[in-house]
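Please read the structure below before turning to the comments.
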């Protein structure tokens with residue numbers, strides 16, 4: 001399903017494409033879009049990506065013209081799940097800058113403008129950081145927070161990665177950078193860690209801004225820790241200069 005909204009002249013001035021993977025987010029999707037209208041001052045296009053035409057996220061999206069930003073809802077033809085939805089959204093983007101953001105209201109849309117500007121200034125990855133000074137994480141599973149915070153801390157302290165929150169999916173990217181390095185991720189939200197690790201290994205510019213993450217108010221999280229953790233581990237060790245071969249063994253490889 002794709003919006004029939006005509007592409008007006010504003011799209012020529014679009015500075016970023018906001019990719020929003022969603023699954024049955026009918027309870028908050030309109031509030032999410034209204035919040036974007038209130039807080040994002042630059043011109044963006046919003047691409048909501050679902051896996052199937054019967055996803056309940058699409059039910060309330062019956063009048064996309066009422067939003068300030070250009071909004072479209074598309075059904076991914078890639079593998080189901082967040083990684084496939086993110087990749088499909090990126091491939092559908094009409095801007096040279098893409099921002100990945102969750103539809104559940106946990107990410108702070110006030111950060112979008114600053115993230116885009118960092119990429120415009122030359123960063124290939126700009127992260128919204130929960131763990132830097134000024135950032136905060138409110139709610140959510142304690143064990144997930146423990147893993148996320150301490151793995152990001154390890155990457156910063158021991159791998160030299162220059163941001164405090166490598167695991168947050170809320171990031172902005174240079175599309176030419178993504179095109180050059182490619183996306184190999186197939187599970188969960190590992191795309192964000194993959195692209196950050198690749199930028200670090202290539203010594204590209206990476207930056208961050210503090211963000212306040214608040215756990216979703218409605219519905220259940222789609223994050224599957226046990227299933228996706230091994231895939232995150234792959235990019236965690238990759239950031240240290242280690243490659244996992246096809247036999248599942250770690251081998252050193254120069255950047």
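The values are calculated or read from the model by the stated rules, or taken from the named source; none is laboratory data. For clarity, every value in this text was computed on a predicted model and none was experimentally measured. Every residue, glycine as well, gets a Cβ built from its backbone with ideal geometry; the counts of neighbours run over all protein chains shown.
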* Hey, residue 172 hits all of (1) more than 16 Å from residue 197 (Cα to Cα); (2) surrounded by 18 or more Cβ atoms within 10 Å (Cβ to Cβ) but one; which does it fall short on? -> (1)
* Does residue 245 count as surrounded by fewer than 19 Cβ atoms within 10 Å (Cβ to Cβ), at pLDDT 95 or above and either touching a strand residue (DSSP E or B) at 6+ places or on another chain (Cβ under 6 Å) or within 18 Å of residue 119 (Cα to Cα) (or both)? -> no
* Asked: Are any residues in region 79-111 within 21 Å of residue 197 (Cα to Cα) and assigned to a loop (DSSP other than H, G, I, E, B), and if so, which ones?
  -> 96, 101, 102
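Which is in contact with a helix residue (DSSP H, G or I) (Cβ under 8 Å, 6 or more places away or on another chain), farther than 25 Å from residue 129 by Cα and modelled with pLDDT of 95 or more, of 52, 70, 39?
Exactly one residue qualifies, and that residue is 70.
Yes/no matrix, rows are residues, columns are (1) within 20 Å of residue 106 (Cα to Cα); (2) touching a strand residue (DSSP E or B) at 6+ places or on another chain (Cβ under 6 Å):
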residue: 133; (1), (2): yes, no
residue: 148; (1), (2): yes, no
residue: 157; (1), (2): no, no
residue: 162; (1), (2): no, yes
residue: 170; (1), (2): yes, yes
residue: 189; (1), (2): yes, no
residue: 196; (1), (2): no, yes
residue: 202; (1), (2): no, no
residue: 211; (1), (2): yes, yes
* Asked: residue 105 versus (1) surrounded by fewer than 21 Cβ atoms within 10 Å (Cβ to Cβ); (2) farther than 21 Å from residue 24 by Cα: which is the lone unmet condition?
  -> (2)
* Asked: If you go through region 125-152 one residue at a time, how many are surrounded by 15 or more Cβ atoms within 10 Å (Cβ to Cβ), farther than 14 Å from residue 208 by Cα and modelled with pLDDT of 90 or more?
  -> 3
* To do: From the list 92, 76, pick out the single residue that is surrounded by fewer than 20 Cβ atoms within 10 Å (Cβ to Cβ) and closer than 23 Å to residue 175 by Cβ.
  => 92
* **Single condition residue 85 does not satisfy, out of (1) within 16 Å of the chain's Cα centre (by Cα); (2) surrounded by fewer than 23 Cβ atoms within 10 Å (Cβ to Cβ)** => (2)
* **All positions within region 182-214 that are under 14 Å from residue 126 (Cα atoms), part of a loop (DSSP other than H, G, I, E, B) and in contact with a helix residue (DSSP H, G or I) (Cβ under 6 Å, 6 or more places away or on another chain)** => 211
